[in-house]
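One structure is given below, encoded as structure tokens.
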Amino acid sequence: MVRPNPTQIARFAAWLPQLDSVNAFDFCAGGGGELFPAAGAPGALESFFLNAAHQFGFWYARDHHYDRPMIATVGGVDRKGSDYLFYCFQRALNTAPTFFEPEHLAQLSDAELDQMFWDDEGRNPLPMWQEHLAITRAYAQWFLAENETPTSLVAACNQAEQPLATFLDRVGAIPGYAEDPLKKKLMLLAVILENRPEQFLRVTDSASAVPIIDYHLQRSALRTGLVEVTDAKVRADLAQRRMVSDEVEGQIRNATYTAIDELVQQSGLSVAAIDYFFFTNRTRCPEMTEPQCAACPVEPVCAQRRSLFQPVFRTTAY
């Protein structure tokens, strides 16, 4: 039903390295602020460790169709999905640098964890809140049971012969990361820790990196033609934003994984750079409004299949 498109992959692999906008992000954004801890801020490592596990499900469904992205007002600003989450984590970290230590998380009540994500009206807008709550509980208990901390885990990985491969293996056992065989949130965490000013994770084995496949990247892969949908019914379901089966979602996500992995190999660009390019380019190829093709830096090589949408599928993986 779905397959990578070698011709488009080769075109993108030749085109992307020419763009100045294809770079890794440092998750500090000018020294820190409302969304990210400042360089060297106490508690930053622990905050990111839990944050990445919660990077999923920022959209609402209605009548078995995609309805709209999660956007809520917090700090006086309408923030969408990931930005909303980063704001809430930074707000909590500002209350105490030990906020995200597993021992502290384990002591918080359900109501206190819920309040961490309140918007300016005192509501938690996360569409999959019960899943977020369950992950937080299991995450904290894992660390306590293993007598580990985020700091001790990263230190051990940095001492290994292959720090990134060891990180993906060891941190990949933690609830919130263990459930996804494609390691989207896990690799996102690795990218954050590697590219932060502190360089928490000192990667010497970049070949161990894996693609970060979320729904924005799947939408981009489908619209650009990096991935081909050969089944007419699947194309119609995607265009009409209907919920799809786990088989269909799995085929699309795996084809996107293969396409992006090949794009990394052919282009020589890092997983982090390619991921951040497509993540930021989502503003020109969004969910709810027409794509701005004339302003898109990949317009000359894009297949412009504008009607296609990411698979509408509930999961904690992305």
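The values are calculated or read from the model by the stated rules, or taken from the named source; none is laboratory data. Predicted, not measured: the structure shown is a model, and the values here were computed from it. With ideal geometry, Cβ positions are generated from the backbone for all residues, glycine too; neighbour counts draw on all protein chains shown. Protein only, heavy atoms only, side chains kept; ligands, DNA and RNA dropped before computing areas. Shrake-Rupley method; radii C 1.70, N 1.55, O 1.52, S 1.80 Å.
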> Within the group Pro69, Pro42, which residue is in contact with a Ser or Thr (Cβ under 9 Å, 6 or more places away or on another chain), closer than 24 Å to Leu85 by Cα and not hydrophobic (A, V, I, L, M, F, W, C)?
Replying inline: Pro42
> How many residues are surrounded by 22 or more Cβ atoms within 10 Å (Cβ to Cβ) and of a type in the set (A, V, I, L, M) if we restrict to the stretch 164-200?
Replying inline: 11
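Only one of these is open to solvent by 20 Å² or more (accessible area, probe 1.4 Å), under 23 Å from Asn281 (Cα atoms) and out of contact with any Ser or Thr (no Cβ under 6 Å at 6 or more places or on another chain): Glu247, Glu228. Name it.
Glu228
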>> Go through the stretch 149-163 and report how many residues are open to solvent by less than 10 Å² (accessible area, probe 1.4 Å) and aliphatic (A, V, I, L, M).
In response: 2
> Which members of the stretch 52-89 meet the condition of being within 17 Å of the chain's Cα centre (by Cα) and polar (S, T, N, Q)?
Replying inline: Gln55, Ser82
> Any idea how many residues of the stretch 288-318 are assigned to a loop (DSSP other than H, G, I, E, B) and within 14 Å of Arg242 (Cα to Cα)?
Replying inline: 7
> Of the residues that sit in the stretch 250-266 and are open to solvent by 50 Å² or more (accessible area, probe 1.4 Å) and within 19 Å of Gln18 (Cβ to Cβ), which one is farthest from the chain's Cα centre (by Cα)?
Replying inline: Gln266
> Can you name every residue in the stretch 232-244 that is free of Cβ contacts under 8 Å to residues at least 24 places away in the same chain and of a type in the set (Gly, Ala, Ser)?
Replying inline: Ala232, Ala236
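Of all residues in the stretch 267-290 being under 20 Å from Asp205 (Cβ atoms) and either of a type in the set (D, E, K, R) or within 14 Å of the chain's Cα centre (by Cα) (or both), which is surrounded by the most Cβ atoms within 10 Å (Cβ to Cβ)?
Narrowing the stretch 267-290 to residues under 20 Å from Asp205 (Cβ atoms): 267-275.
From the residues that got through so far, the ones that are either of a type in the set (D, E, K, R) or within 14 Å of the chain's Cα centre (by Cα) (or both) too are 271-275.
Details: Val271: 22, Ala272: 24, Ala273: 22, Ile274: 22, Asp275: 26.
This residue is Asp275.
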>> Given the condition open to solvent by 50 Å² or more (accessible area, probe 1.4 Å), under 24 Å from Ala53 (Cβ atoms), within 21 Å of the chain's Cα centre (by Cα) and modelled with pLDDT of 95 or more, answer yes or no: does some residue in the stretch 208-215 qualify?
In response: no
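Matching residues to (1) part of a loop (DSSP other than H, G, I, E, B); (2) surrounded by 13 or more Cβ atoms within 10 Å (Cβ to Cβ); (3) not hydroxyl-bearing (Ser, Thr, Tyr):
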residue	(1), (2), (3)
Arg68	no, no, yes
Leu85	no, yes, yes
Leu105	no, yes, yes
Gly122	yes, no, yes
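Report, by residue number, each residue of the stretch 18-64 that is acidic (Asp, Glu) and assigned to a loop (DSSP other than H, G, I, E, B). Before the answer, list the steps.
First pass over the stretch 18-64, keeping only residues acidic (Asp, Glu): 20, 26, 34, 46, 63.
If the condition is that a residue be acidic (Asp, Glu) and assigned to a loop (DSSP other than H, G, I, E, B), then Asp20, Asp26, Glu34, Asp63 are the ones that fit.
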> Name the pairs: first residue in the stretch 190-219 and in contact (Cβ under 8 Å) with a residue 40 or more places away in the chain and small (Gly, Ala, Ser), second residue assigned to a helix (DSSP H, G or I) and open to solvent by less than 40 Å² (accessible area, probe 1.4 Å), Cβ to Cβ under 6 Å, at least 6 apart or on different chains?
Replying inline: Ser208/Leu164; Ser208/Ala165; Ala209/Val271
> Which one of the conditions (1) in a helix (DSSP H, G or I); (2) surrounded by fewer than 16 Cβ atoms within 10 Å (Cβ to Cβ); (3) touching a Phe, Trp or Tyr at 6+ places or on another chain (Cβ under 8 Å) does Ala14 fail to meet, given that it meets all the rest?
Replying inline: (3)
